[in-house]
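Inspection log for the structure reproduced underneath, given as structure tokens.
The values are calculated or read from the model by the stated rules, or taken from the named source; none is laboratory data. As the structure is a computational prediction, the values presented were derived from the model and not from experiment. Methodologically, a virtual Cβ is constructed for each residue, glycine included, from the backbone with ideal geometry; neighbour enumeration extends over all protein chains shown. Areas reflect the complete protein model, heavy atoms only, side chains present, ligands, DNA and RNA absent. Shrake-Rupley method; radii C 1.70, N 1.55, O 1.52, S 1.80 Å.
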Amino acid sequence: MQTIYIEQHYPEDWIRVLHHIANLFFEDSKLTIKPEGAHMLASIDYQVGDDFSITTKAVLEVEGNRYTNDYEIHYDTAVEGRELNIRIKRALSHVFLDVLEQHTGMHQQWGILTGVRPTKLYHKFRQAGKSDAEIADILRRDFRLSEEKVALLKEIVARQLVTIPDLDTIGKEISVYIGIPFCPTKCAYCTFPAYAIGSNRKQGRVETFLDGLHIELREMGKWLTENNMKITSIYWGGGTPTSIEAHEMDALYQTMYESFPNPETIREVTVEAGRPDTITPEKLEVLKKWGIDRISVNPQSYTDETLKAIGRHHTVQETVDKFWLARESGMNNINMDLIIGLPNEGIEEFQHSLEESAKMQPESLTVHTLSFKRASEMTRNKDKYKVADRDTVAEMMHMAQRWTKDNDYVPYYLYRQKNILGNLENVGYSKAGEESIYNIVIMEEVQTILGIGCGASSKFVHPETGKITQFHNPKDPAAYIMTFEEAIAKKLELLDALY
């Protein structure tokens with residue numbers, strides 16, 4: 001752990017922001033008030049001017065070396081309270097990042113941004129009437145983004161507006177997420193609700209969960225119908241929704257389409273079939289029966305040893321076979337996921353994964369960077385898993401960028417996570433016209449996402465103010481079975497208040 005001592009007593013939320021910046025440079029850091037003889041000492045001062053300016057200065061002293069940085073930003077209007085607090089934290093982050101870059105020699109391509117949704121920031125400036133050139137200047141100067149990341153955000157935002165021309169008004173509609181919490185096995189990096197379906201079926205939890213899910217689908221559908229709510233997109237996730245049997249899938253889709261209003265106007269329905277070992281001809285026939293042709297078949301890696309190491313009990317060949325089975329069954333919009341930085345993988349293994357992807361040409365390819373999520377098995381036993389260094393994962397991301405461009409894919413959504421290798425990002429690429437509407441609306445938080453099922457999170461977005469209220473269904477199937485009726489009541493109450 002790297003301890004950084006600071007001279008000032010700042011509010012806890014300011015320290016938390018500075019801690020996030022420190023963690024970009026050190027795998028594990030700690031910020032605390034200085035004792036005598038501190039090894040790494042930081043002094044970070046600020047001043048708010050009468051002209052609405054904020055001036056900050058940072059000094060970092062490490063073993064006789066001294067690094068300094070000054071920064072001043074002028075605003076057109078005065079603010080108080082929370083907004084002033086945000087401005088000060090941003091300015092403090094600016095100078096703190098700079099002195100840490102000087103000390104470590106690392107350059108942070110995402111600058112002071114540590115949040116999940118950088119594209120949302122770009123949209124905010126766009127909606128305020130700023131041009132692309134003005135936005136680029138702000139992102140470079142005040143948020144310290146690199147030219148490469150600014151260009152990536154610009155390209156993604158432009159593609160999103162082509163895919164959803166009414167993106168700025170789509171808050172009048174709603175999208176739906178439906179969670180099936182079962183998988184054949186749980187992957188080592190996963191923190192999603194994913195419970196082994198075999199043991200849960202033996203205990204009767206699968207059937208009981210599905211009974212509850214049918215009820216929740218009907219009750220939510222009733223509210224949507226009575227309030228004439230238009231549905232933009234539906235996403236079946238989990239877990240792996242294709243873990244359940246074909247007849248169980250069929251019954252759920254029937255309930256969904258019978259309960260939800262105007263199914264013919266829904267722009268997109270996606271079913272995650274991410275685990276190839278869950279895909280069968282019978283299940284594909286059910287998807288085809290209900291007109292669902294957007295699915296995910298996720299290899300993550302095309303190296304069998306890697307799949308074993310991360311707990312995916314299928315082979316590379318099975319991924320390939322199930323992709324072509326899905327294609328021959330009429331699936332016309334298939335997404336595949338690759339993960340950069342999986343254990344024991346480097347340039348050679350990732351190049352192989354890209355070459356295998358080229359043979360299939362899925363309609364979309366999501367390139368994730370491995371993130372050490374707090375509750376995952378991989379994080380709990382980090383010493384067991386050797387992963388690539390910062391420079392290697394950066395080169396792998398550039399390989400993905402070159403490959404997607406050469407194969408006529410465009411980036412259309414992006415998100416970031418804490419503890420992500422190399423402080424990089426996850427990017428969704430697609431063939432032009434094959435972008436996922438759901439992925440865009442959930443990342444940009446432009447409309448309510450109604451969560452149904454186990455582990456489903458509802459995000460209620462006020463259609464005028466954009467204020468977000470969240471509600472989480474239980475993650476554990478046993479808890480969901482006991483409480484789903486209470487969850488239904490609470491969500492109906494939130495929907496009534498919002499609409």
Selected from Pro411, Ile468, Leu370, residue furthest toward positive end of dipole (the range 352-499; charges at beta carbon): Leu370
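Taking only protein heavy atoms into account and a 1.4 Å probe, give the accessible area per residue of the chain in Å².
Solvent-accessible surface per residue comes out at 44 Å².
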Chymotrypsin sites (Phe, Trp or Tyr not before Pro) within the range 55-144: DSSP coil, no more than 16 neighbouring Cβ in 10 Å: Tyr75
Global form of the range 191-232, assessed from the alpha-carbon gyration tensor, a/c cut-off 1.5: oblate
Rounded to the nearest 20 debye, dipole of the chain from Cβ charges on Lys, Arg, Asp, Glu: 580 debye
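Below 8 Å between Cα atoms, with a sequence gap of 6+, how large is the relative contact order for the chain in percent?
14 percent
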Ranking by accessible area, most exposed first, for His9, His247, His123, His107 with a 1.4 Å probe: His9, His247, His107, His123
Label-point separation, Val79 to Asp51 (7 Å along Cα→Cβ), nm: 2.0 nm
Length-normalised contact order for the range 437-499 - Cα pairs under 8 Å, 6+ apart - percent: 23 percent
Anisotropy class of the range 16-173 from Cα gyration tensor, a/c 1.5 cut: prolate
Whichever aspartates and glutamates have a C-alpha closer than 20 Å to that of Lys30, once near sequence neighbours (fewer than 8 apart) are set aside: Glu7, Glu12, Asp13, Asp45, Glu61, Glu63, Asp98, Glu101
Accessible carbon and sulfur surface of the chain relative to its total accessible area, %, 1.4 Å: 48 percent
Cβ-Cβ FRET estimate between Arg218 and Asp476, R0 fixed at 25 Å, reported to 0.05: 0.65
Only Lys, Arg (+1) and Asp, Glu (-1) charged, at Cβ; the range 399-440 dipole about Cα centre in debye: 200 debye
Ordering of 79-85, 483-489, 453-459 by packing [mean C-beta count within 10 Å, highest first]: 453-459, 483-489, 79-85
Cα lying deepest toward the dipole's positive end in the chain, options Pro181, Trp236, Gln401, charges on Cβ: Pro181
11 Å cut-off, amide nitrogen to a point 7 angstrom out along Arg201 Cα→Cβ, residues in the range 243-281: 243-248
Ordering of 111-121, 132-142 by burial proxy (mean other Cβ atoms within 10 Å per residue, highest first): 111-121, 132-142
Separation between Cα centres of the range 253-292 and the range 304-343, rounded to whole Å: 20 Å
In degrees, nearest ten, helix 12-23 long axis to first principal axis of the chain (Cα): 80 degrees
Virtual spin-label span in nm between Gln417 and Asp166, 7 Å along Cα→Cβ: 3.3 nm
Rule-of-thumb Rg ratio for the range 29-98 [Cα; 2.2 N^0.38 Å; N residues]: 1.26
Furthest towards positive pole of dipole, Val162, Met256, Asn426, structure part the chain, Cβ charges: Met256
C-alpha long axis of helix 147-163 to longest principal axis of the chain, angle in °: 30 degrees
Gyration tensor verdict on the range 108-267 (Cα atoms; rounded if a/c is under 1.5, prolate if a/b is larger than b/c, oblate otherwise): oblate
Computed [θ] at 222 nm, helices only, for the chain once each DSSP H run of length n ≥ 4 contributes -39500 (n - 2.57): -13000 deg cm²/dmol
